[in-house]
Structure formats: C-alpha cells, structure tokens
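The values are calculated or read from the model by the stated rules, or taken from the named source; none is laboratory data. Predicted model, so just to flag it, every value in this text is computed and none were measured. Cβ sites come from the backbone with ideal geometry, for glycine too, and all protein chains shown count toward neighbours. With ligands, DNA and RNA removed, areas are computed over all heavy atoms of the protein, side chains included. Shrake-Rupley method; radii C 1.70, N 1.55, O 1.52, S 1.80 Å.
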Number of protein chains: 4
Amino acid sequence: MGRTADGKWSDEWTPPVFSVDANGKVIGYVNDRTPNNWGRWGELDEKGTANLLTPERVAAAARLIETGKVVSCAIPLDSTGPVHPTRTGVVHLYGYTGSDFVAGTKAGQDYPNFQGTDDYIFMPLQGSTQWDGLSHFFYKDTMFNGFWIGNVESYAGARRGSIHQMKDTLVGRGVLLDLPKFKGVDRLQPQYGITPDDLDACAEAQGVTVGEGDMLVIRTGHVPWYYQLEDKMEYWKVGAPGITRAVVDWLAEKDVASLAMDNIAVEVEPHEEPFEHVYPLHARLIRDLGLTLGEVWWLEDLSATCAELGRYEFFLSAPPLNVTNASGSPANPVAVF
Amino acid sequence: MGRTADGKWSDEWTPPVFSVDANGKVIGYVNDRTPNNWGRWGELDEKGTANLLTPERVAAAARLIETGKVVSCAIPLDSTGPVHPTRTGVVHLYGYTGSDFVAGTKAGQDYPNFQGTDDYIFMPLQGSTQWDGLSHFFYKDTMFNGFWIGNVESYAGARRGSIHQMKDTLVGRGVLLDLPKFKGVDRLQPQYGITPDDLDACAEAQGVTVGEGDMLVIRTGHVPWYYQLEDKMEYWKVGAPGITRAVVDWLAEKDVASLAMDNIAVEVEPHEEPFEHVYPLHARLIRDLGLTLGEVWWLEDLSATCAELGRYEFFLSAPPLNVTNASGSPANPVAVF
Amino acid sequence: MGRTADGKWSDEWTPPVFSVDANGKVIGYVNDRTPNNWGRWGELDEKGTANLLTPERVAAAARLIETGKVVSCAIPLDSTGPVHPTRTGVVHLYGYTGSDFVAGTKAGQDYPNFQGTDDYIFMPLQGSTQWDGLSHFFYKDTMFNGFWIGNVESYAGARRGSIHQMKDTLVGRGVLLDLPKFKGVDRLQPQYGITPDDLDACAEAQGVTVGEGDMLVIRTGHVPWYYQLEDKMEYWKVGAPGITRAVVDWLAEKDVASLAMDNIAVEVEPHEEPFEHVYPLHARLIRDLGLTLGEVWWLEDLSATCAELGRYEFFLSAPPLNVTNASGSPANPVAVF
Amino acid sequence: MGRTADGKWSDEWTPPVFSVDANGKVIGYVNDRTPNNWGRWGELDEKGTANLLTPERVAAAARLIETGKVVSCAIPLDSTGPVHPTRTGVVHLYGYTGSDFVAGTKAGQDYPNFQGTDDYIFMPLQGSTQWDGLSHFFYKDTMFNGFWIGNVESYAGARRGSIHQMKDTLVGRGVLLDLPKFKGVDRLQPQYGITPDDLDACAEAQGVTVGEGDMLVIRTGHVPWYYQLEDKMEYWKVGAPGITRAVVDWLAEKDVASLAMDNIAVEVEPHEEPFEHVYPLHARLIRDLGLTLGEVWWLEDLSATCAELGRYEFFLSAPPLNVTNASGSPANPVAVF
C-alpha cells in the first residue's frame, strides 16, 4: 500500500529522500542513461525532440507538396478499434438524434421547428490513433528533462510534459518506412523485433533517407490485422511486432523529431530480456529522449499512396488536440503529397 | 409527446406521409430554398462544399508556406472554455497519475518498476474548438442533399452526413478576415450583425481576396472575451456578434469550402427576425449549402501572425478527428505560413 | 436504413400506419398475447406488478425482521464484474485523490489546508446489479400497457415506463428459491432451463411458499462463476442457466411483484426455439406483464444466511436510484432478517 | 507545485517525515482533536459510527413499521438538480432508444424483431442525493482512524475508507428533525447556523428523542429552494443553512450512526470563523468521528408523511451502492412507516 524510498512497491510507505524545486524538477537527479536529451533544449523544456521541427524544416517539408493529395492516417475513432486492455473502450453517445425528431422529441417542444443532433464521446485520450505525451512514461520518479512525476496529478493534470505544449507543432517532413512492402509480406508477424538494419535496408530500397528533424513513420501492418481477427482477444495474447532496443540508439543518431507506427505500443512484445519494467523502450524514448510517440496509426492508405507515387516522403500535419495538462491526445494525422 | 405529420411538435403523434429510399433519401422531397447545393456533387454526396478542396487547390495553398511558422487555432481543451449551455462541459480525468506513484499505487504492485500516467476525456464533440458536421442541423425532416433525418440514430450514429466523411479534407487555402483589427476595436460587440459589406471592405483593406474553395476564417474577438468575463453567465445572455442572413448569399457566391469563426455559433444572436427556428442560418449553411462550420476557434495568435507578416492567406490544415458516424468533431486547426 | 410499416428492418423506410394519442399510447393497439397485465392497474399505469407491493404487504414483510441482520445482494460495482457485451464496462475515475495531496496538488493551492477526494463514474445503468425498467423492452412498437416506443428518446429519455416511477417501491417480502442448494450443486450449468417444477419443488423443500406480491429471488450461481473464470470471454459463449417460457405463466399465476436473479438476463440462453427475437422472455415479462426484472444480483451471502437461519423469506429493500426518465438502474438490494 | 513536509501547499516539494505501516496507517500519528472515535471500533475499522447500527437496533427499528408506507428521500437524479460547483453535472445518455426503432435503427438489422432501449450515466458519485464516504475528507495527511491519505489513489481508488465497506449497513432507526416546520417557516435562510438548542427544542416539540445509533435526518428546506430559483448561480453565492461547530459535540454526545440533510454540505456556509480550511466540519465529522454524511436529500415528502402520521421516527433503509474503493455514493434512501 505504498513504496520504498526509491520508488519500488511495498506494503509500507517510506518517503522519498529527494526534494523538488519550484520548477518541478527533482533536485540533484542526474540521468546517467544514454542516449538522452535532457538539458539539450534548456532545463525547463517540455517539448523534447519536437524542438527539431523548426520553421525552416516545416517550410522545406511544404515544398514536398506537389499533387495536393491528402491522406488520413487515423483509424476509425469508434468502439471497433484496438484499445490497450489497460484502458476502456471508446463510447460515442448522442444527446439528441434525428430519430428523436421522427418520433417527436421534447426538443421539438422546447425549440419549435428546430431539428438537429448533438453527440458526446467518452474515451481514453490514448484510445485511438494517438500521440503519447512526454508526461505519459516515467522512470525513477522523473519524466523527460528531470521533471518530477508528482507534477502529474488528478486535480490539475500534467503540469509538466503536457501534450498541449505541442499544439503548434508535430508538423513537418514525414518519411514512411514500409517494412511489409519492403519484405514482400502482408504484415510483420507478432513478436518480430525490428532492427536498425531493417530500417536502413528499407530506406535504401525505397530511395529515401531518414534525416534530422524528420517525423518518422514505420509501417508494420499490425493494426489492420486486428480488424480481420475473429477472436479479438488473440490480438493481446500473441505479442506484437515492434522496434528493438537497438533502434533507440538508431533513432537518437538519426535525431528524428517523432516516431509513429501502426502497432499498439511502438516496441516489440514480448519485450527483449532483460528489461527494467513493462514497455521499457517507452521510458527510453519518451523519458530519456523526449521523443513523442504516435501509436495505432492507420498506414494502409499512406502505403498505397507512397507506392503509387513512388515516393516515401511527404508533408505531415499531425498536431495533437490542445488538451490542457494531458498525457496524450487522439489525432487525425494527414499526409499531403 | 410526438409530432404532426409535417414535423411540428404535438402532444399526439401522426406519422409522416413520405417514405425514404434505400439510400436514405426522402422520396420526392425538393429543396426550394436558395441558395442550395443539393445535387451539385451527386445525389449521394455527403461532403458538400468540402468537395471544393481539390488536390489542385491544396497544392496551390501549400505554395503559400514560406516561413514554416505554425499557428494553432484551438482554445485550450478543458473545463474553462465556453461550451454552449445546451451541452455539458469538458471533463478530463486520470486513470493513474504520477502522484499515485509518489504515494505508492497498486499499479506499482501490478507492474513492478513501471511508472506512468493515463487519462480520459468525456466531452461533447462540439464542446471546444470544433467542426459542425453535415448531420448536425436539419430542416423539414431532411439534412444536406435530401438525406432523411432518421439516418441519425443513437445506436449507429450518423449513417449519413458524418464528420468522418471529411477525414481526408478540410485542408487548403485559409483566408482570415480580421474584423476587429479592420474596425480598430478589440472585439465586435454582442448582437453585432456582420454584413457582406463588412467582409468585402475588410478583405480589401487587408489586400486579400476570398476565392472559390477557400477556407474562410472570420475573427470577431468574441471567444477571447469569454475568458475575461467575471460572470460567465453573462456571456450567454447578451447575445453574440455573428453573420447575418445576407452573408449566406455572399458565401454561396464566393463559393467557399468552409467557414470558421471565433464565436460560439457563427451567426448573430439574437437571430434576425423573422426566423424559422433557433440558429436559422445553421440550416441555411449546413443543410442547404453543405457548408461545414468551424466554431469556437482561437484566432488571437493567428491575427497577430497575419499582422506581423502582413498577409492574410496561409495554408490551413484542419482535418476533423475520424469519429465514425458523428455529427461534429473537436479539432486543432493549424495555419502554416 | 429504415423499417417497414409494421416495424421490421428494411433498407427503406415506410411510416407506421398507426397514430399515438396525447397520453403516448398507440391508438387501437390490442395486446393479444397472454398472460398480460395491460390495463389491470389503469390505462396510464407505469408501475406494472410493482403495484402489488401495497403498504399492507410491506408492513407484513417488516414483521419478518427478527435478528436485524442486513445482507447486501449487490456485486462489487467496478470494472471486474460481468457486463453484457452489448454494453461498455464500468469506469470509476477520481477528480482528486489523497495521492494528489501527498504530491502536493493545485487543489491545495486553491483551497489552503484542504485535503480530500472526489470521484466520478461512467457506466451503463444496467451494467452492474440492476433493475430493468418497464421502458427497457418492447414488442410491436409498444411497451407495457400499450405506450408507444417513441416515448423513449435520447433528448428527454423514457417519458413513459421510467425506472423513477418505482422510487417509492420495490420494497416488500423477499423469497429466495435457492436452486443450486436444492439440487446439491455449486451452480446451475449454462443452458439449463429452469422449469415451474424446479421452482415448486425447491419451494417445497425449503418450506416456503411464493405468494401474491412477493419479490421473488432465484439463485443459479451463474454470476459467481464469472469471477472464477480465467477466460472471461467463455462466459458469453456458453450460454446461461435461466427460466424457460413456461415460467412466465407460472410467475403470472403466482402474481409476483418482481423477479431477481444472479444471472445476466433472467432467461435461459440460448433461447428456447422458436423465439420471436433475442431475449424473448424479456418482452413477455417486462412488456406483457409489467414485471420489473433484477439482474446480476449477488446471492451467495443471501444463500448462506438463509441456510444458516433456516428460512427463505425476509424483508427486501431494493428501491432503484431515482434516475429521471431512465430505462434501468443500479441498486444495492438489502435483505433484512 | 508541491507541499511542505507538513502538508501545506508550496512551490517546492519536501517529503513528509512520517512513514506508513503495512495497514496503511501513519506511524506515530495521534489525533488530539476532540471529539474523535479513532480506535473505538478497533485500529483497522473502516466503518466508523455505522458500527452503531447493530442488528439489535435494526430489528428494533423494524418494529416501527406499521402502515407499510414507503417514502423516497432522493431528488430526481438528473441534470436539473444542485451539484456542488467543484463537480460537473449529471449526464444521462442513451445507447439506443425507442425513437431509433421508429426511424429504423441498425439495431433492428443486427437483432431482427428486437425492440428496446439502453442507457448510460456519467456523474460525480456525490452529484445527487448521496453519502459521503469516510475517504472523502482528510486533515493533516490522515483520514478516519489514522489511515494515510495516500491510500486513496486514481488507479485503485480508496483502498481505505471506501463507501463499499457500508454495503450491508446504513439501515436503522431514522429520526427526522423538521426545523422549518418547528420554526413555522418554509425553509431556513442561507447562512443560518443550526445550534444544539435548535435541535433539542425541535425534538422536544416533535415528541421524539435522538438516541444512540440513530440515523439522524435534519430538514432545512434548502435543496427544494434550488428548484424554485430563477438564477441558479445565486444558490452558490448566498451561503447555506447548516450545522454549527457546537453541533459536532452534540452529535458525538448523542452518538448517532449517521447524519443526513437536505442541504449541499451539512454545515453552515459561510463557515464559522476561525476555521482551519473549507468545510471544516467535514473533517470534524467524517475524519474525527467517522460519521457518514448524507447530503442533498429530498425531505419534503418525508416531512409531509411525518406530519400526517404524527411521528418522526421510522425505519430507514439507505445502503449506498456497492461501488468498490469509492469516496461516496448516490443513494435512494427510503423511509418506511
């Protein structure tokens, strides 16, 4: 019912020994893991690698737009999509409907001659095509840049590392690495661990380079498979294709601005052993690098368009919703060719 | 507890006399109101004026990007923003927090060494910066293009006119008409009715033309005023600045692709007399023209950037969330300069 | 995308041929199914068999209280319980927590020295131990007593047959028929169809009679089994023990005031052939008899207490929540001995 | 963004100096405030004064039932009722409606011949007629009986002091003190502070005694006034009638099992000066005494029945919902005469 001083679960509770300064940073904590981007954009930065999406790069990315074709990378936002089992599903409900007016609703009494509809949604902010914010994953009581985990609380939300810090960004040059197409398969198998070599070879075959400040998109075909499965439970039992630990270093070297994929959690499942905790690469990517992760993207249309046009780079506009003090956000990322 | 055959509220219920075909269209119904775009893009079209956002126009709009500066047009998506009183507010709640891990959460017992957060949102789909879908407003038992209102039901949602039909669009050339700046005021007064002359004069002063297929954005300063008010209730009592009936014709003539504003409901409140029902221009714009409306946008930063750069046209990327069979969607529209 | 005049699904929509009067009743409709209680308590009655819970019977039931022992019949209202797959699960979230105050919440800044918690729930009204209201199940466009189904709409809810009509009732003499105990088994097997003979023999063995105006409770052991299952999906695939069609007549003869069970939907699954539609007995019981059904009750503690005290009758207090215009309600029914 | 070691808000965070044992209790903390019931029912008790509702008292209370009349003490659970401004309102939405079947819903295609409805609720657990659980209010990092506030977290909820601990109780002898009737007024005025003398005189006039283990109900008329107000905002500005600090001692002396009222927060508003924090008596009653508080009850019908029958004692059945690890619960308390 508590924790040890250094943060492990315990029946008892012993207070941490550190203090936190007025900026919300753990005093004296040094992140000795590599690679990491702590301090790179200032001690109080809350944007991480999204800082790499400079106006210059956005302007350059815009010059990739030739045909004007727009392609959405979002799954249908409804109850049929894959939602991580630790979350509840998406619920879309109506406040009043057209059918109400067919039957004669009290709304027609309250507002004579009016006819219309209104609807509501209840959902996990990470329950559909989404961005993980920098306040989503921690390690050793700290989030990206050394902010204390206690900055995220129920009442005020994520006072540090909120996704709304990205409201004017996550727009830039998108690059798709289409692994199934490269490998000549429909989809990567569950448990397949993507390596740096896979990514380099795919990029070369596609004639594209992954560069500094790019918004990298990696296709696995794993999310589409969910929709084909008869027994959806199987999806959560068999593991998932995803990146391996070595790709963390590769991403840091390439210095990408963001990474989005069409699986559930970016990283390979089961996790490579040994691992520190569940989803170990989340802590490496989000907390150490400050890399915003896109998950559950829909890349089938993007894949078809890239193949058709013979190019794997495009303008990508994928800002999150401006949700205040939130740990993630649904999005409808659009690629423009 | 019902309706008359022609759709008026009544204590009794008498069935309508029309039938509906397998496409969901009311058989024999002719829309005799003008202007209207029914049939213009085919009998089964569900996109309306968004059809004007052709790839060619998107490509042309992209050439407006010079500096790469990205400006969000979304209010903070939280409980502090203005929500129409017929709706409930935005509720953002956490499934688990950083503070939980400070206190020692059962999550730490279930997942050793894990630390992270996860959050939920419950909101009206039109409860923040938003797009009204074509299934949001009706008149005489029909929505845009003659589809029957009965196509929108609680169980399956908006089987016609859903916002998800726009998932690959609402990207194009944005034009801002900054009325307060033009008039030298902080904001338009409540009840001020915007006329075609206002818009023409403002455009001329700004050196910009509103053209076919543009995504028009009109600034009033009304949403920012909400945040300054001590007594928020006043906001809903004093009316709102907004467009007048004559602007409907003006918009149809200009043939814009969409209209977005920083007020609550686009149109002037109180409504111009005589009017058919509450929000009469909604039916004219959404139902007759098939024009998708953006409401509760945040245009202060956009205004400042336009003034600073001395131009009022930009690339606007504002796709809705891909919510299946929904009548509207929150969005984070970004202007790129 | 519609229905035939007599209510069957169709791609097209043809209006019904009937009209509805100012009381919300379908004009001219006669229920020719038996047994039925339409009109028995007046043409506008919305309480059905709960009318049998007269003050006299409540007073008599109170005289059953001897020891003062109180036994709850509710499952834990949380995300671990069985929820019918057509519904979403129970979501319990905190607005602010004790852990927030450990970490130092903004609530502590807003309200100096204050410490406390506050929580929210999102749930199907029939997503835990529950009562089905009389507006929950229909047949041939009518609900109990001939009210039109159109009386239940999204905007105003169940304007007829709402559960709140029962706010001052569902209190009376409870009788438990403990079938597993009677049969010497842990629980009835899925697909087991309970017959009138089962019920009569069980009552006789237990030395209790089921009388007019009783709140009948039948134990199957099916809900407890859910908690033991490794693979919860199995629960929804193998069927359920429940009452057969013949029990409808038996219940009507006995003239009980309500029926509650510890399965999901009272009736045996798969349904006995031939059947009119899914959950055919729901229409027989709720719509024809006006019998309020209790589902997903927890009867293990009640069973143990009855066995221990050697009696199967008790005072049962099980009012629904006073949810306005609702089709059902969670409840915490308590038996007092 | 944190707290001092002793729990005050601070920009910085300094860990508390105490530890917590495996039972969740703060080691070494002694509650020196009086009156308090800490330890009275054992060191690990989580029921507080509800322990006074012994079977013997329940059995004795049952003997008060003579006529069998049942009276609900719940306001309508809907969006029209008073909800404390720190909470959001009640939202009741339908998954599918009767009107859907009038228009022809996809549910009719999925389930041939089926017609029915299903609904959802989103609400603060304390957003209607309610019980405050023992985990709702704290002081100096502890809740009732010395449990640490860190036991209440977002992920697992209230691991100590949950309302579900009361699932088999809050049934007993109810006593109504009808202050407006006694004083010959419609309702107590906002800011009126109820004193022990008020309560003693009212009890005497009504010919009733408040005894050990009673479920005390005090009527003010304040909740009904909310429904009459044109401007609902006024309700939250003018204060409320409620009990004063001296009544805390009176309640402890009388040794009541619970206290329920028809105001928002039991205690007088504005609070008597000096006070430790907002709602100071909540900490005195819930945290020190372990007294479960009922708020926003509807006592008009109860008042009328008591007056009509000439007696102010009755059997009161008011168990909370069995919400797991929750800080409060809606209820439909019923008085039986």
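What to note about this one:
- The mean sequence distance of close C-alpha pairs (under 8 Å, at least 6 residues apart), as a share of the length of region B:1-110, puts its relative contact order at 9 percent.
- Reported to the nearest whole Å, the Cα centre-to-centre distance from region B:142-186 to region D:245-277 is 53.
- Taking all pairs of distinct alpha-carbon atoms in chain B, Kirkwood radius in angstrom: 21.3
- Where only DSSP H runs of four or more residues are counted, the protein assembly as shown gives -5500 deg cm²/dmol as its mean residue ellipticity at 222 nm, each run worth -39500 (n - 2.57).
- Between copies, B:Glu272 shows label-point distances of 6.3, 6.7, 6.8 nm, shortest first, with the point placed 7 angstrom from Cα along Cα to C-beta.
- Projecting label points 7 angstrom from Cα along Cα→Cβ for C:Val30 and B:Glu56 puts them 6.9 nm apart.
- Look at the stretch C:83-91: the mean tally of other chain Cβ atoms within 10 Å of its residues' Cβ atoms is 4.
- Region C:160-177 - phi-based ³J(HN,Hα) in whole Hz, Karplus 6.51/-1.76/1.60, Gly and Pro as x: 9, x, 6, 5, 5, 4, 9, 4, 9, 9, 6, 10, x, 7, x, 10, 9, 9
- Per-residue SASA entry for D:Trp41, accessible area with 1.4 Å probe, Å² rounded to 10: 60
- Region D:92-202: C-alpha gyration tensor shape, a/c 1.5 cut-off, then a/b vs b/c: oblate
- Close amide H partners of A:Tyr96, meaning residues 5 or more places away or on another chain with modelled amide H under 5 Å apart, are A:Asp118.
- Taken as entire DSSP H runs, the helices of chain C never both span 30 Å or more between Cα atoms along their own long axis and average 1.0 or more on the Kyte-Doolittle scale.
- Entry note, chain B: relative contact order of 28 percent, from Cα contacts under 8 Å with a spacing of 6+ residues.
- For C:Gln189 and C:Arg40, the difference between the fully extended length at 0.36 nm per residue and the C-alpha to C-alpha distance is 50.0 nm.
- At R0 = 41 Å, FRET efficiency that the Cβ-Cβ distance of C:Glu300 and A:Thr80 yields, to 0.05: 0.70
- Mean Cα-pair separation over length for region A:219-337, i.e. relative contact order, pairs under 8 Å, 6 or more apart, %: 24
- Each other copy holds its own label point for B:Thr54; taking that point as 7 Å from Cα along Cα to Cβ, the gaps run 3.8, 8.0, 8.9 nm, nearest first.
- Using a 7 Å Cα-to-Cβ projection, C:Thr14 label spacings across copies, nm, ascending: 2.2, 7.9, 8.2
- Cα gyration tensor, region D:208-291 - rounded (a/c under 1.5), prolate or oblate: oblate
- If both residues of a DSSP beta bridge must be in chain B, then about 70% of such bridges are antiparallel.
- Counted charge near C:Glu300, where neighbours are those whose Cβ lies closer than 14 Å (Asp, Glu -1; Lys, Arg +1): -2
- GNM flexibility winner over chain A from A:Thr209, A:Thr54, A:Thr105 (Cα, springs under 10 Å): A:Thr105
- Checked against a 22 Å cut-off, the cross-linked pairs B:Lys47/B:Lys181; C:Lys69/D:Lys47; A:Lys25/A:Lys47; A:Lys47/A:Lys254 give Cα-Cα distances beyond that limit for B:Lys47/B:Lys181.
- Averaged over B:14-20, number of beta-carbon atoms from partner chains that fall within 10 Å: 6
- Other protein chain Cβ atoms within 10 Å, averaged over every residue that makes up A:273-286: 2
- Three-way shape label, the protein assembly as shown, alpha-carbon gyration tensor, a/c 1.5: prolate
- Under the simplified labelling scheme, the C:Arg245-C:Glu308 pair shows an inter-label distance of 4.3 nm, with each label point 7 Å from Cα along Cα→Cβ.
- Highest to lowest packing among A:69-76, D:230-237, C:318-325, scored as the average C-beta count within 10 Å: C:318-325, A:69-76, D:230-237
- Bins of 5 Å from zero: percent of alpha-carbon pairs in region D:28-185: 1, 7, 10, 11, 13, 14, 13, 11, 8, 5, 4, 2, 1, 0
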